[in-house]
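Below you'll find the structure, written out as structure tokens, and then a few comments.
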Amino acid sequence: MPVPEPLYALTVHEAAELLARREVSSLELTRAVLDRIHQVDDRIRAFLTLCEDEALQQAREADGRLARDETSPLMGIPGAIKDVICTKGIRTTCGSRILDNFVPPFDAFVIERLKESGFVMVGKTNMDEFAMGSSGENSAFHPTHNPWDLERVPGGSSAGSAAAVASGEALFALGSDTGGSIRQPACLSGVVGFKPTYGRVSRFGLVAFGSSLDQIGPLTKGVRDAAIVLRCIAGHDPRDSTSAEVDVPEYEQSLVPDLRGLRLGVPREYFPEGMDQGVRDAMEAALRTMEDLGAEVDREVSLPSTPHALAVYYIIAPSEASANLARYDGVKYGFSHTEGQDMWDNMEKTRQFGFGDEVKRRIMLGTYALSAGYYDAYYLKAQKVRTLIRREFDAAFQSHDALVAPVSPTPAFKIGEKVDDPLQMYLSDVFTIPVNIAGLPAISVPCGFPGGLPVGFQVIGKPFDEATVLRVAYAYEQATEWHKRRPPL
Ligand code: GLN
């Protein structure tokens, strides 16, 4: 059989098959991806750091392991890593000036796992500074462009990871999701993005933003690949006290092409009046496809606290961020201002010049919310509403196997359109944030191209029931053609 071209357009599982049959080597595959990066990344700008020499070395090693019949689903597969995940010996900036020169002395848990499985790291991807943003424009370095329309944002904060997968600059990528940062860019860039249950994947070596919300997950061209990557990075790690000791199933086994016997709920608060017509139409068509596949779709579900989720998030996430970001003081690592009058002056200037506007805004919001006299009114109240939101999801899952909702309220917006209006930017995540607040697993799957731009839906699952989420996503994907579209670059 002829090897399909171009190699960079392969999915993870297609590439793994060719590698296993020795029809392609990891070196060839890696070179094809690196060539693709050189061909398109001056337009996309998905990467902050390229690791070409390391990647070619890892590819040779993977070819050696394959020759010894070592098998693993990611052996020799080129992937890209969001620059918020620590990589030993490779600069990790979090999209921030303050970590411009930071080279971690250790690998994150997920990187250890990927390396054991023999993946090839082509580079570190661009992101909103410290993962705060929904467009990639808050990167201290440069914006990333949407492969479907270079004048538009790819979504954020995992902007580079989504754009890299969409444009063939990596076969898969890792992102992080605190309020939507995997799912929203996946949706706007036309790829699959999966945020696992809080506790499913270790956060060891993930630079902390909102510690009670952060979770690492895959961005891929399809659902099967998401299952493969998740299976590799999931599991207990004693170095993250919130990582759960729960068995990790063979996710690929739950990928069946029908939805018979499943009851899916559609929360009505996720279909507000005045909603974008293109998104609404794509959602309606997707729900009909799910019915055709045998699912029972219940449109009478209600999650009444949904309208409060954004406010709750913008108390809890900045509060946690203000504590987490206190460590960047110019003393221990990263950028350091040294020309000040004394230590305090240097610390202040380090933070003044090292952090961008959005990060400062979050630190101020969080510090205010946690301050004496305000704590009860803001932080404590937000935690109480968080409990309500979680309970409403629990109740919905009593009688439904999974929930289906939009991911982003609109398709990709123009670069520059929302940078000066933080509230508009925050609203990009209204449909994704409740899921983080409740700690649930959710996947974003492409379901249409209104006006030529991708949109997606999310499947939200019970805690640790990633298998059902993947099953719903997979059956839908296989019944449609959206996942086969590639941007015209
Ligand atoms: N856009 C949201 C924010 O700015 C979510 C970001 C994320 O998930 N990391 O906080």
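The values are calculated or read from the model by the stated rules, or taken from the named source; none is laboratory data. Bear in mind that the values here come from a model prediction, so they are computed numbers and not experimental data. So basically every Cβ, Gly included, is an ideal-geometry build from the backbone, and we count neighbours across all protein chains shown. Heads up: the accessible areas ignore ligands, DNA and RNA and are worked out on the full protein's heavy atoms, side chains in. Shrake-Rupley method; radii C 1.70, N 1.55, O 1.52, S 1.80 Å.
Dipole magnitude for the chain: computed about the Cα centre from +1 point charges on Lys and Arg Cβ and -1 point charges on Asp and Glu Cβ, it is near 360 debye. Positive-end ranking of Gly179, His142, Val256 along the dipole of the chain, with charges on Cβ about the Cα centre, is headed by Gly179. Between Ser371 and His308, take the C-beta separation as r, use R0 = 25 Å, and let me know the FRET efficiency to the nearest 0.05. That gives a FRET efficiency of 0.70.
Take Thr367: with every protein chain present and a 1.4 Å probe, its accessible area is about 80 Å².
If each DSSP helix of 4+ residues adds -39,500 (n - 2.57) and the sum is divided by the residues in the chain, what number results at 222 nm, nearest 500 deg cm²/dmol? Mind showing how you got there, number by number?
Values: 15 runs with 179 residues, N = 489.
Dividing the helical sum by the residues of the chain leaves -11500 deg cm²/dmol.
Pairs of Cα atoms nearer than 8 Å and 6+ residues apart set the relative contact order; for region 318-392 it is 35 percent.
Magnitude of the Cβ-charge dipole of region 269-319, K/R +1 and D/E -1, about the Cα centre, nearest 20 debye? If you can, show how the numbers build up before the last one.
Values: 3 positive and 10 negative charges, 53 e Å.
Magnitude of the dipole: close to 260 debye.
Of Val103, Phe209, Val223, whose Cα points farthest to the positive end of the dipole of the chain (charges on the beta-carbon: +1 Lys, Arg; -1 Asp, Glu; origin at the Cα centre)? Of the candidates, Phe209 comes out farthest on the positive side. Here the extension length gained between Thr480 and Phe106 equals 130.4 nm, from 0.36 nm per residue of separation less the Cα-Cα distance.
Placing unit charges on C-beta atoms (Lys and Arg positive, Asp and Glu negative, everything else neutral), compute the dipole magnitude of region 68-220 about its Cα centre in debye, rounded to 20.
Details: 13 positive and 15 negative charges, 53 e Å.
So the magnitude is around 260 debye.
Sketch the reach of a paramagnetic label on Glu296 as a point 7 Å from Cα along Cα-to-Cβ, and name the residues of region 394-418 whose backbone nitrogen lies under 20 Å away. Correct set: 394-405.
Eigenvalues of the alpha-carbon gyration tensor of region 91-143, scaled by 5 and square-rooted, set the equivalent ellipsoid semi-axes at 23, 13, 9 angstrom, largest first.
A crude spin-label estimate for the pair Asp420 and Gln341, with each label 7 Å from Cα along the Cβ direction, gives 3.5 nm.
At a Förster distance of 25 Å, what's the computed FRET efficiency of Lys384 paired with Ala323, Cβ-Cβ distance as r, to 0.05? Write out the running numbers ahead of the final one.
Details: r = 20 Å, r/R0 = 0.79.
FRET efficiency, Lys384 to Ala323: 0.80.
Computed with a 1.4 Å probe over protein heavy atoms only, the accessible area of Leu219 comes to about 0 Å². Bridgeable lysines around Lys484 (alpha carbons under 16 Å apart, same-chain partners fewer than 8 residues away excluded): Lys221. Between Arg43 and Arg91, full extension at 0.36 nm per residue minus the direct alpha carbon distance yields a gain of 15.0 nm. Dividing the Cα radius of gyration of the chain by 2.2 N^0.38 Å, with N the residue count, gives 0.92.
Annotation for Arg68 and Arg288: the two label points, set 7 Å from Cα along the Cα-Cβ direction, are 5.5 nm apart. Measuring between their Cα centroids, region 198-221 and region 312-356 lie 22 Å from each other. List the lysines whose Cα sits under 30 Å from the Cα of Lys349, skipping any in the same chain fewer than 8 residues away. The qualifying lysines are Lys82, Lys88, Lys124, Lys332, Lys360, Lys418. Potential lengthening of the chain between Val3 and Glu52 amounts to 15.3 nm, from the contour at 0.36 nm per residue minus the alpha-carbon distance.
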